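Q: For reference, the structure I am asking about is given below.
The values are calculated or read from the model by the stated rules, or taken from the named source; none is laboratory data. Just so it is clear, the model here is predicted, and its values are computed rather than measured. Neighbour counts run over all protein chains shown; Cβ positions are idealised from the backbone, glycine included. Each accessible area value is taken on the protein alone, full model and side chains, heavy atoms only, with ligands, DNA and RNA left out. Shrake-Rupley method; radii C 1.70, N 1.55, O 1.52, S 1.80 Å.
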Amino acid sequence: MTSLRNQAFLFMALGFTVWALAFSVLYGVQGTGCELGWHRQPVGPLSLLRWLLILIWAAHMAALGWVYWRCRAALAVTAAKAMPEAFLWRASMALSITAAVATVWIGLALLVPSICVV
Amino acid sequence: MTDTTATDPIRLHKQLDRIWSTAPGFGRLSAVNHTIVGRRFIVTAFVFFGIGGILAMLIRAQLATPRSAFLGPEIYNQVFTMHGTAMMFLFAIPLFEGLAMYLLPKMLGARDMAFPRLSAYGYWCYVFGGSMLIIGLVLGLAPDGGWFMYTPLSSRTYTPGINADIWLIGITFVEISALSAAIEIIVTIFKLRAPGMSLDKMPLFAWYMLVTAFMMLFGFPPLIVGSVLLEIERAFDLPFFDPARGGDPLLWQHLFWLFGHPEVYIIFLPAAGVMSTVLPVLARREIIGYIWIVVSIVAMAFLSFGLWVHHMFTVGIPHLALAFFSAASTAVAFPTAVQFFAWIGTLASGRPQLKLPMLFLLGFFFVFAMGGLTGVMLAIVPFNWQVHDTHFVVAHLHYVLVGGFIFPMLAAAYYWLPHFSGRSPRHSLGITAFWLIFVGFNLTFLIMHLTGLLGMPRRIYTYDDAAGWEWLNLVSSIGSFVMAIGFALFTVDIVLQVTMGRRAKRNPWGAKTLEWATAMPPPTYNFASLPSVTSRTPLTESGGKSDNLAIDLARGQGYLGFVRDGRLETLGVEITSGRLEQVVRLPNSTFIPLFTAMITGVFFVSVLLKFYLVAAIGFVVTIAMLLMWTRGWGDRADRGLMSVGLGEEAPPHTEVTGAPSNWAMTLGLFANGTAYASLAFGMLFLWVVAPNWPPPVLLDPSVLASALAVVGLAAAAFAAARSVAPAALARAPQRELWLAVAGAGHGAALAGFVVLMTAVPDPTRHAYLAATFVLLAYVALHAALGVVFAAYGIVRSRAGYVSALRSLDLRIGAQWHRYTAAIGLIALLLIHGLPRVMGS
Ligand code: HEM
Ligand SMILES: [Cu+2]
């Protein structure tokens, strides 16, 4: 119970923190990979760098899924008891969905044909 | 206990006013009260707006005709740089800080901000830092490299004089006030609310300010780090931005825009908060979509940190990264749109009144929407490449800033002026002022889209007859003078209203938020007793005998409707639920913030003039003075539960875990950690991206010194944790022993770091050496402060301020000790690890 109270505020920031992580890690790995030539190492149909980026993206999407389910469960409990925390859980849930949409949106960038062309 | 309960409102007022008021005459300089300091921030910000505005007029006068000989290029560069700098740093940010300081406690049902002395200190830092810049301008030494100070233009080679230093040092000085305000706003919103005001019942303005303050907390540190690094490069030749020695000008651009784009939203969100507050009142209905607004401002805050590279689309960044940032830049339009729809929906379904503030709100809609549209255009990379650095960008940024900030703030001025002054207007000059500003603005800036598309670059001091922009520029300049007359009229109107207006009746707009439950102008203590809140519209409810909340509160029928032990008291609540948690004691007026800011000024000015010995002394004295703030502050005996009225009880803040000052340290460390991360990012960035790497020499740091540092840090962290364990807290000798161990641990770590620093060969040779040196200096400074804080804990314990119940001082210290251990270890990891991973 206390955890549902104390974590509510944290979860408001969590969804988009995952988004921000996805963003920074993708950006960082992309830069580093280009520098180290990972885009020239083919692995199956795609380059090593592209596989890596897709993997990172997918991992963050999965994390967002988890955040969403956590919020949903906590919302169910707190709303049933009419606790003031229900508001925060509801907002957090909406934020996790929004963050997922934003992650999909920036993920579209991975379809760019040339990863390292300046 | 000496409860003096008074139900006679006049007597209660006198009792409260005696302890909350500020002395007249020179005593005014000692003010810490949020109403006074907030007002000062606002007035000072408008003074800087006047200065920035005059500079804007100089710009437009110069550009009105081709080949104008009015300002030469040197002066023109200073003028546009100072215009941008003053508007962004000395006007926009301090203005909303002042508004927040003035309003938040009143809206939340508290008697002051959480740290009144910090507000005053921030204010003086702002005034002194801003004055440095203005003095520079008067002496003709103002910064001239543009408001974003790109290197290498701002490096020593191309700006040999003091101009750039004035910017770097003056702005960093001002940023102290931004960071302190951020911490203070967050803690106030978290903790100092009326009981019952859970987060979902908070006025939207507070949500906006909460998010804004968090953005400031994470946005400003990169700028401060960038400024410090650039100043170090300029003063001591440590190369961070010089590509010949492993630096990279792009590092500056990253650090600057990592701050700079969020900055735009930091300015916009408080203005949007004004929209969401004023608009429903004038539309006579509650705002639509409260939760959606909260969601969208949080989303907006995060997204805005993922956009910074859109200012760098033309510097040569891989397509994929461009696509990321372009995507994020377009995405941020959605949360903006959500708020727009909430506002329009509220207007459409309410019964709007076309009062004066509403006129400015409508002005906002029109102007900001235009700015948003050109913003989306600029987020598209190919278009951006076309108009980069042209007057199209100037037009866009003014539509966003003037539309998204000035118009709402003028609405706020008219809306809350009766509250500030207790007076309402006799004349309607405001309407004329609005139309002059609105028409003048569009005349000035609509045309700049065209001159920009026609290829007129920004920041040029003149142009040729043949360019084909002559009459466009002339019209634009005429427009800007129309707008200037509008602002002058606005100023006159405000002055007239404050001095000669009619006495305003209470709550003239029929608002439902708590700030209108105070008398007008508000008394020093805001509320004679604090309300208990049960809904988002507290003014429509009433807990007392009459049906008027304001009167009930004035009669002392809420919480804390009495004076206890001559102390200034307000209530603290649990963050989320708003349940009553603690009685927070607040300080009254003192000169210490002013003196501390003066000494801080000595530090900054000595750095500017390169008197480094004086600077070092100034720094030490500043720290000493900051510690002195706590002298005589705290409780020497446990007080236990205290009555707060209405039959409820709460402990004093010194005896709870969630005391405001404990939160302040946590938040301060967040900001500090962001600065540290920026530094580490800088080092990695250079290593990966900058030319002329790997460096000529790789360090082989001493294992012995490193081991000493590791052991010291570990000991400090461990001992700090032990010192706040219940067993140690109960026994003075034991907790003091642990504190001594923590101090000694920091001492050992400091020694280790210093040895490592001295082993760095000539840091001016390469960015690798310079970055390593600065990283070590950063953690060494933290260890040194760790020694001081540990010793200070012992002093406090000896003086009787610590007990098993009263552990606040030590817990604050323990946070520092743990944090220092963490960043120290990370530094060692980087210094040992990076050469191994990246070296070959
Ligand atoms: C009051 C009417 C204003 C006028 C007539 C005006 C005019 C101008 C002009 C013509 C420039 C371009 C100078 C150049 O590139 O050569 C400029 C730049 C700028 N303005 Fe304004 N401005 C006004 C208000 C504001 C406000 C309220 C803000 C911010 C809150 C602001 C922020 C800036 C910034 C950041 C720049 C860029 C400076 C640089 O290039 O370094 N301006 N302004
Ligand atoms: Cu931007």
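Q: Pick out which of A:Met83, A:Met61, A:Met12 has the largest mean-square fluctuation in a Gaussian network model of chain A, springs linking Cα atoms closer than 10 Å.
A: The residue that fluctuates most here is A:Met83.
Q: Next up: Multiply the residue gap between B:Leu698 and B:Ser428 by 0.36 nm, knock off their C-alpha separation, and tell me the result in nm, one decimal place.
A: 90.1 nm
Q: I've got another one for you. Could you state how much accessible area is buried at the B-A interface, both sides summed, with a 1.4 Å probe, in Å² to the nearest 100?
A: Using a 1.4 Å probe, the pair buries roughly 3100 Å².
Q: Using a cut-off of 14 Å between beta-carbons, work out the net charge of the residues near B:Thr596 (Lys and Arg +1, Asp and Glu -1, B:Thr596 not included).
A: Combined, the nearby Lys, Arg, Asp and Glu give +2.
Q: Threshold 10 Å², probe 1.4 Å: give the residues of the range B:313-328, in number order, that are less accessible with all protein chains present than with their chain alone.
A: At a threshold of 10 Å² (probe 1.4 Å), the residues of the range B:313-328 that become less exposed are B:Gly316, B:Ile317, B:Pro318, B:His319, B:Leu320, B:Ala321, B:Ala323, B:Phe324, B:Phe325, B:Ala327, B:Ala328.
Q: Using a/c under 1.5 as the rounded threshold, could you call the range B:100-166 rounded, prolate or oblate? The axes a ≥ b ≥ c are square roots of the C-alpha gyration tensor eigenvalues, and prolate needs a/b larger than b/c, oblate otherwise.
A: prolate
Q: Another one. Measuring with a 1.4 Å probe in the full set of protein chains, what accessible area per residue, in whole Å², belongs to the range B:694-839?
A: On a per-residue basis, 39 Å².
Q: Explain nothing, just compute: Karplus ³J(HN,Hα) = 6.51 cos²θ - 1.76 cosθ + 1.60, θ = phi - 60°, for every residue of the range B:43-58 in order, whole Hz, x for Gly and Pro.
A: Per-residue couplings from phi come out as 5, 4, 4, 5, 4, 5, 4, x, 5, x, x, 4, 4, 4, 5, 4 Hz.
Q: Related question: For B:Thr499 paired with A:Ala79, estimate the spin-label separation in nm (one decimal), with each label point 7 Å from Cα along the Cα-to-Cβ line.
A: Each label point is offset 7 Å from its Cα along the Cβ direction, giving 5.8 nm.
Q: Separate question: With only alpha-carbon atoms counted, please give the Rg and Dmax of the range B:249-352, in Å.
A: Both quantities, over Cα of the range B:249-352: 16.7, 54 Å.
Q: With a Cα-only, solvent-free Debye model of the protein assembly as shown, what are the log10 I(q)/I(0) values at q = 0.04, 0.10 Å⁻¹?
A: Debye intensities relative to I(0), on a log10 scale: -0.19, -1.32.
Q: To the nearest 10 Å², what's B:Glu648's accessible area with a 1.4 Å probe?
A: 70 Å²
Q: Give me the percent of the accessible area of the range A:2-111 that comes from carbon and sulfur atoms, probe 1.4 Å, all protein chains in place.
A: Carbon and sulfur: 73 percent of the exposed surface of the range A:2-111.
Q: Moving on. Take every Cα pair under 8 Å in chain B that's 6+ residues apart, average their separations, divide by the length, and report that relative contact order as a whole percent.
A: 17 percent
Q: Same structure, new question: Just to confirm a number: summing +1 for Lys and Arg and -1 for Asp and Glu over residues other than B:Arg351 whose beta-carbon lies under 12 angstrom from that of B:Arg351, what do you get?
A: +2
Q: Output the relative contact order of the range B:694-839, whole-number percent, from Cα pairs under 8 angstrom with separation of 6+ residues.
A: 33 percent
Q: Pop out the ³J(HN,Hα) list for the range B:206-218 in order, Karplus 6.51 cos²θ - 1.76 cosθ + 1.60 with θ = phi - 60°, rounded to Hz; leave Gly and Pro as x.
A: With coefficients 6.51, -1.76 and 1.60, one gets 5, 4, 4, 5, 4, 5, 4, 5, 5, 4, 5, 4, 9 Hz.
Q: Assign one of three labels to the range B:312-397, namely rounded, prolate or oblate, based on the Cα gyration tensor with a ≥ b ≥ c the square roots of its eigenvalues; rounded applies when a/c is under 1.5, prolate when it is not and a/b is larger than b/c, and oblate otherwise.
A: Because a/c hits 1.5 or more and a/b fails to exceed b/c, the range B:312-397 counts as oblate.
Q: Right, here's the next one. Roll a 1.4 angstrom probe over the protein heavy atoms and tell me the percent of accessible area of the range B:220-267 that is carbon or sulfur.
A: C and S atoms contribute 74 percent here.
Q: Please give the peptides B:195-201, A:88-94, B:680-686, B:154-160 ranked by average Cβ packing (other Cβ atoms within 10 Å per residue), highest first, as a rough proxy for protection.
A: Going by the mean number of other Cβ atoms within 10 Å, highest first, we get A:88-94, B:195-201, B:680-686, B:154-160.
Q: Of B:Trp509, B:Val697, A:Ala100, which is farthest on the positive side of the dipole of the protein assembly as shown, counting Cα position, with +1 on Lys and Arg Cβ, -1 on Asp and Glu Cβ, and the Cα centre as origin?
A: B:Trp509
Q: OK, next. Tally Lys/Arg at +1 and Asp/Glu at -1 over every other residue whose Cβ is under 15 Å from the Cβ of B:Leu808; what's the total?
A: Around B:Leu808, the charge tally is +3.
Q: For the protein assembly as shown, list the cysteines whose Cβ sits under 4.7 Å from no other cysteine Cβ?
A: Cysteines lacking a close Cβ partner in the protein assembly as shown: A:Cys71, B:Cys125.
Q: May I ask you to evaluate 6.51 cos²θ - 1.76 cosθ + 1.60, the Karplus curve with θ = phi - 60°, for each residue of the range B:179-191 and list the ³J(HN,Hα) values in order in whole Hz, giving x for glycine and proline?
A: 5, 5, 5, 4, 4, 5, 5, 4, 5, 4, 5, 4, 10
Q: I've got another one for you. To the nearest 10 square angstrom, how much accessible area does A:Leu10 have with a 1.4 angstrom probe?
A: Approximately 120 Å² of A:Leu10 is accessible to the 1.4 Å probe.
Q: Please give the per residue accessible area of the range A:2-111, computed with a probe of 1.4 Å over protein heavy atoms only, in Å².
A: 47 Å²
Q: Something else about it: For the protein assembly as shown, what is the mean residue ellipticity at 222 nm derived from helices alone (per DSSP H run of n ≥ 4: -39500 (n - 2.57); sum divided by total residues; nearest 500 deg cm²/dmol)?
A: Calculated at 222 nm, the ellipticity per residue is -23000 deg cm²/dmol.
Q: In addition: Taking only Cα atoms and a 10 Å spring cutoff, compute GNM fluctuations for chain A and point out the largest among A:Leu55, A:Leu14, A:Leu64.
A: Judging by the Gaussian network model, the answer is A:Leu55.
Q: At 1.4 Å probe size, with every protein chain present, just tell me what the per residue accessible area of the range B:588-632 comes to in Å².
A: Per-residue value: 52 Å².
Q: Using the Cα centre of chain B as the reference point, and only Cβ charges (+1 on K/R, -1 on D/E), how large is the resulting charge dipole? Debye, rounded to the nearest 20.
A: For chain B, the charge dipole is close to 2000 debye.
Q: So what are the three principal axis dimensions of the range A:2-111 from its Cα atoms, in whole Å, longest to shortest?
A: 57, 21, 20
Q: Only sites in a loop by DSSP and with at most 16 other Cβ atoms within 10 Å count here; which trypsin sites (Lys or Arg not before Pro) in the range B:37-107 make the cut?
A: B:Arg67
Q: On the protein heavy atoms, probe 1.4 angstrom, tell me the percent of accessible surface of the range B:694-839 carried by carbon and sulfur.
A: 76 percent
Q: By the gyration tensor of its Cα atoms, with a ≥ b ≥ c the square roots of the eigenvalues, what is the shape of the range B:588-632: rounded for a/c under 1.5, prolate for a/b over b/c, or oblate?
A: The shape class here is oblate.
Q: Here are some pairs, B:Lys14/B:Lys201; B:Lys355/B:Lys512; B:Lys201/B:Lys355; which of them have Cα atoms lying more than 20 Å apart in this structure?
A: Long pairs (Cα-Cα over 20 Å): B:Lys14/B:Lys201; B:Lys201/B:Lys355.
Q: Considering only protein heavy atoms, what is the solvent-accessible area of B:Leu443 at a probe of 1.4 Å, reported in Å² to the nearest 10?
A: Looks like 60 Å² after rounding.
Q: Another question about this same structure. In whole Å, what are the extents of chain B along the principal axes defined by its C-alpha atoms, from largest to smallest?
A: 81, 75, 48 Å, listed from the longest principal axis down.
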